[in-house]
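Q: Pasting a structure here, questions to come.
The values are calculated or read from the model by the stated rules, or taken from the named source; none is laboratory data. Since we're looking at a predicted model, the values are computed, not measured. No Cβ is skipped: glycine too gets one built from the backbone with ideal geometry, and neighbour counts run over all protein chains shown.
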Amino acid sequence: MSRLSHGGGRTAIGLVVEPPAGRRPVIDRGADRKRDGMRRRELLAGGLMAAAGIGITMKGSAYRLGTLSHMGPGFFPTVLGAILIVLGLAIAAAPYAPGAVAAEDGHDAAPDLSQWRAWLCILLSPVLFIVFGRSFGMIPGAFACVLIAALGDRDATLRGCLILAAVVTIFGAALFSWILQVPMPLLTWGIGA
Amino acid sequence: MIGTALGDLWTGFGVALQPVHLWWCFVGVVVGNMVGVLPGMGPLATISILLPLTFGMKPVAAVLMIAGVMYGAQYGGAICSILLNLPCHPPHAVTCLDGFPMTQQGRGGVALGLTVLSSFVGASWGITLMVFLSPLLVRAALQFGPADICALMLLGLLAGSTLARGSPLKGVAMTVLGLFLGSIGTDIETGTDRFTFGLTQLGDGVELIALALGLFGIAQFMASVNRLAPVNHRYTRIGIRDMRPGLDDLKQAFLPMWRGTIIGSLCSLIPGTGPTIASFVSYAAEKKIAKHPEKFGTGVIAGVVSPEASTHSSVQGDFIPTMSLGIPGDPVMALLLGALMIQGIQPGPQLISEHPDIFWGLVASFWIGNIMLVVLNVPLIGVWVKLLAIPYRFLYPSAMFFVCIAIYAANNDFFQVGEAALIGAFGYVLLLLGFHPAPILLGFVLGPRLEENFRRAMVVSRGDIAIFVERPISAVFIALCALLILSQIYFRLRAANRAIAVPPPPSFST
């Protein structure tokens with residue numbers, strides 16, 4: 001497995017350089033479990049797409065559909081939603097087709113959820129940037145944004161994160177506020193835009 | 001014909017050599033080179049972060065810089081593969097196979113030197129192709145009616161989503177999702193607000209920068225955090241002197257380099273097959289025709305030179321449909337077109353005649369930028385290698401700040417930062433479920449134009465959908481689409497009949 005196995009798009013997995021070494025029947029011990037995990041994941045994936053499609057179709061058809069020669073604003077999205085529903089069903093059904101291969105895109109069958117703390121930190125980072133940036137200016141915004149993101153790392157220490165946040169804030173304020181003239185006050189006080 | 005192209009190219013050099021343009025080309029190339037080396041940072045996120053900076057520039061400078069980041073990153077990616085065995089950039093993953101063994105044998109410098117050389121050869125060939133092919137393509141494309149454009153876009157989108165990595169079904173689903181995201185906002189023809197949920201900020205649609213940074217910045221960081229292995233620095237001490245290849249090495253490299261170049265340019269002409277596929281195909285081809293195929297994987301020069309040349313010739317070739325037809329082949333090209341549209345320039349076949357300075361300036365800057373890269377790469381490799389010592393836990397929090405401030409700076413609006421966070425969370429869910437989000441960007445950029453041309457075609461034909469098969473040009477594109485889908489089904493069925501387990505993906509780590 002390459003090191004960036006979840007790097008979606010980063011690795012070149014899925015492309016096979018070597019031709020298959022011969023006919024290998026799928027009687028692997030873990031194969032059954034892998035297949036079930038794969039089916040569950042594809043069911044979720046397809047279900048998500050179908051649900052999105054249903055939402056888009058319903059909302060889209062509320063706008064005027066019009067006729068083919070004079071399309072209303074709802075026509076294009078409604079068609080897209082319908083296509084998405086069909087694709088979602090096909091994705092969910094694909095692993096049940098004969099000869100379906102497990103994890104063909106190289107991702108592990110079951111998503112690894114162990115990094116939830118890091119994810120939370122990364123997602124909170126822009127939120128804190130908005131909250132602090134809006135009310136108190138760029139310096140507090142940048143500091144909070146970097147600090148919370150840095151805390152997501154496995155090896156993070158509070159001291160290291162504080163230092164990193166301070167360094168990035170000083171450098172960032174100089175770069176964006178003075179050199180690039182981004183119109184965001186460095187320090188301010190007040191709620192609202 | 002050839003004469004006019006050369007004349008235009010001459011004016012292009014005039015544009016590209018203006019100090020301002022030289023400067024931005026240089027900035028783009030250096031920044032691209034740097035992020036190309038850093039694992040966990042991609043050219044897509046970098047270009048999106050730099051995008052707000054381009055708003056204040058002239059369109060030519062903006063395009064030169066963005067393109068510079070793009071091909072600069074390609075040079076950097078090879079360094080990462082050869083010295084560290086890290087396939088951080090998909091097109092260079094295959095270079096690890098023979099590049100890293102060369103490094104282990106103490107010939108990493110030679111591998112890098114040859115890579116720079118073959119990259120330059122590949123890129124030059126790709127640029128030459130662009131000079132002569134683009135005007136031809138444009139001449140044909142100017143005859144296209146709305147139905148033809150529509151069919152061509154359909155082909156581009158289908159190819160981009162089915163030939164890329166992963167399941168074709170999921171790829172198409174991502175494209176459709178992208179098309180939908182592109183339709184959010186005020187409908188141009190009727191003025192109706194679509195899917196805005198009453199939020200005025202969504203009236204202008206989803207912000208391109210927020211989408212790109214959500215998918216390829218935030219979601220990407222979530223995927224890489226705590227998962228990147230520490231970098232192995234054992235072999236990273238490379239001096240300038242080590243990089244000079246011997247005469248014997250050059251002899252061994254010469255033919256594979258040209259074969260790779262040709263394969264790369266062929267791949268770039270098939271829509272949807274980008275540099276990644278080109279590099280894999282050329283590696284496989286080298287192995288097939290080699291006298292000693294068993295030696296591949298132990299540090300064979302051909303196994304480094306051919307995929308690298310192929311990557312670069314295909315990267316440059318990708319600009320051909322992007323600039324001459326307005327159909328991007330990969331998400332970076334989609335971003336480039338997005339940047340042009342932000343500048344108020346409509347991509348499409350009319351671009352070359354309406355804005356010759358952009359097109360020919362870009363072509364000329366490719367050469368200038370590639371020469372800069374060759375010159376810079378030699379002394380800078382040492383610097384980049386030192387940069388690699390920065391652990392990811394310092395890198396991604398800093399990048400998060402850059403992401404936030406870049407999105408804010410695009411419109412001075414906090415709303416879009418939140419938009420990006422939401423898109424990032426959703427994008428990571430997609431990654432977890434095995435989707436590749438790249439086609440979303442293609443669909444997003446092409447969506448509004450696809451809808452517009454579809455509407456126009458339907459007005460012209462008075463609602464008769466048969467126009468797509470009655471017009472010869474669009475009929476050809478539709479036939480190609482059908483062929484693409486049928487071939488996918490055929491391969492799937494054949495695999496099912498054989499019931500062969502897919503071999504495990506190639507492993508690049510030792």
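Q: Which count do you get for residues in segment A:167-193 that are in contact with a helix residue (DSSP H, G or I) (Cβ under 7 Å, 6 or more places away or on another chain) and not in a loop (DSSP other than H, G, I, E, B)?
A: Residues meeting the conditions: 6.
Q: Can you name the residue in segment B:240-253 that is in contact with a Gly (Cβ under 7 Å, 6 or more places away or on another chain) and assigned to a loop (DSSP other than H, G, I, E, B) and is also modelled with the lowest pLDDT among such residues?
A: We begin by selecting, within segment B:240-253, every residue in contact with a Gly (Cβ under 7 Å, 6 or more places away or on another chain); these are B:242-245.
Keeping just the survivors that are assigned to a loop (DSSP other than H, G, I, E, B) gives B:244-245.
Details: B:Arg244: 78, B:Pro245: 81.
Out of the qualifying residues, it is B:Arg244.
Q: Moving to a separate point now. Can you give me the number of residues within segment B:422-446 that are within 11 Å of chain A (Cβ to nearest Cβ), farther than 26 Å from A:Val127 by Cα and modelled with pLDDT under 90?
A: 2
Q: Also: Would you pick out the residues in segment B:1-39 that are among the small types (Gly, Ala, Ser), at pLDDT below 90 and either closer than 30 Å to B:Leu395 by Cα or assigned to a loop (DSSP other than H, G, I, E, B) (or both)?
A: Result: B:Gly36, single match.
Q: Mind counting the residues in segment B:403-421 that are at the interface with chain A (Cβ under 7 Å from one of its Cβ atoms) and either in contact (Cβ under 8 Å) with a residue 40 or more places away in the chain or not in a helix (DSSP H, G or I) (or both)?
A: Residues meeting the conditions: 5.
Q: If you go through segment A:149-193 one residue at a time, how many are out of contact with any Ser or Thr (no Cβ under 7 Å at 6 or more places or on another chain) and on the phi > 0 side of the Ramachandran plot?
A: 2
Q: Still on this structure: Looking only at segment B:67-111, which residues are charged (D, E, K, R) and either closer than 14 Å to B:Thr311 by Cα or within 14 Å of chain A (Cβ to nearest Cβ) (or both)? Before the answer, list the steps.
A: Here is the first cut: in segment B:67-111, the residues charged (D, E, K, R) are B:98, B:107.
B:Asp98, the sole residue that qualifies.
Q: Out of (1) surrounded by fewer than 24 Cβ atoms within 10 Å (Cβ to Cβ); (2) not in a loop (DSSP other than H, G, I, E, B), what's the single condition that is false for B:Met57?
A: (2)
Q: Can you tell me which residues in segment A:124-141 are under 21 Å from B:Met222 (Cα atoms) and either facing chain B (nearest Cβ under 7 Å) or touching a strand residue (DSSP E or B) at 6+ places or on another chain (Cβ under 7 Å) (or both)?
A: Scanning segment A:124-141 gives A:Ser125, A:Pro126, A:Val127, A:Phe129, A:Ile130.
Q: Name the residue that is surrounded by the most Cβ atoms within 10 Å (Cβ to Cβ), counting only residues in segment B:157-201 that are among the aliphatic types (A, V, I, L, M) and outside any helix (DSSP H, G or I).
A: The qualifying residue surrounded by the most Cβ atoms within 10 Å (Cβ to Cβ) is B:Ala164.
Q: Please go through segment A:47-68 and pick out each residue that is charged (D, E, K, R) and under 25 Å from the mean Cα position of the chain (by Cα). So that I can check it myself, show each step before the final result.
A: Going through segment A:47-68, the residues charged (D, E, K, R) turn out to be A:59, A:64.
Scanning segment A:47-68 gives a single hit, A:Lys59.
Q: Related question: Run down B:Val29, B:Val20, B:Val35 and say which single residue is out of contact with any Ser or Thr (no Cβ under 9 Å at 6 or more places or on another chain) and buried (at least 23 other Cβ atoms within 10 Å of the Cβ).
A: Details: B:Val20 fails: buried (at least 23 other Cβ atoms within 10 Å of the Cβ); B:Val35 fails: out of contact with any Ser or Thr (no Cβ under 9 Å at 6 or more places or on another chain).
Matching residue, one of B:Val29, B:Val20, B:Val35: B:Val29.
Q: When the residues of segment A:108-126 are filtered to those that are closer than 15 Å to A:Leu43 by Cα and touching a Gly at 6+ places or on another chain (Cβ under 7 Å), which remaining residue is modelled with the lowest pLDDT?
A: Here the residue is A:Ala109.
Q: Still on this structure, please answer the following. Out of everything in segment A:149-161 that is touching a Phe, Trp or Tyr at 6+ places or on another chain (Cβ under 9 Å) and not in a loop (DSSP other than H, G, I, E, B), what residue ends up being farthest from A:Ala118 (Cα to Cα)? If you could, list the steps in order and put the result at the bottom.
A: Of segment A:149-161, the ones touching a Phe, Trp or Tyr at 6+ places or on another chain (Cβ under 9 Å) are A:149-150, A:152-153, A:160.
From what's left, not in a loop (DSSP other than H, G, I, E, B): A:149-150, A:160.
Details: A:Ala149: 8, A:Ala150: 9, A:Gly160: 16 Å.
Out of the qualifying residues, it is A:Gly160.
Q: Something else now. Select, from B:Thr11, B:Thr46, the only residue that is over 25 Å from B:Ala219 (Cβ atoms), touching a helix residue (DSSP H, G or I) at 6+ places or on another chain (Cβ under 9 Å) and of a type in the set (Ser, Thr, Tyr).
A: Working: B:Thr46 fails: over 25 Å from B:Ala219 (Cβ atoms).
Being over 25 Å from B:Ala219 (Cβ atoms), touching a helix residue (DSSP H, G or I) at 6+ places or on another chain (Cβ under 9 Å) and of a type in the set (Ser, Thr, Tyr) holds for just one of B:Thr11, B:Thr46, which is B:Thr11.
Q: Step by step: first the residues of segment B:187-220, then only those that are more than 9 Å from chain A (Cβ to nearest Cβ) and among the hydroxyl-bearing types (Ser, Thr, Tyr), then the one that is farthest from A:Ala45 (Cα to Cα). Which residue is that?
A: Out of the qualifying residues, it is B:Thr200.
Q: Please work out which residue is surrounded by the fewest Cβ atoms within 10 Å (Cβ to Cβ), limiting yourself to segment B:277-314 and to residues that are closer than 18 Å to B:Met70 by Cβ and in contact with a Cys (Cβ under 8 Å, 6 or more places away or on another chain).
A: Among them, the one singled out is B:Ile277.
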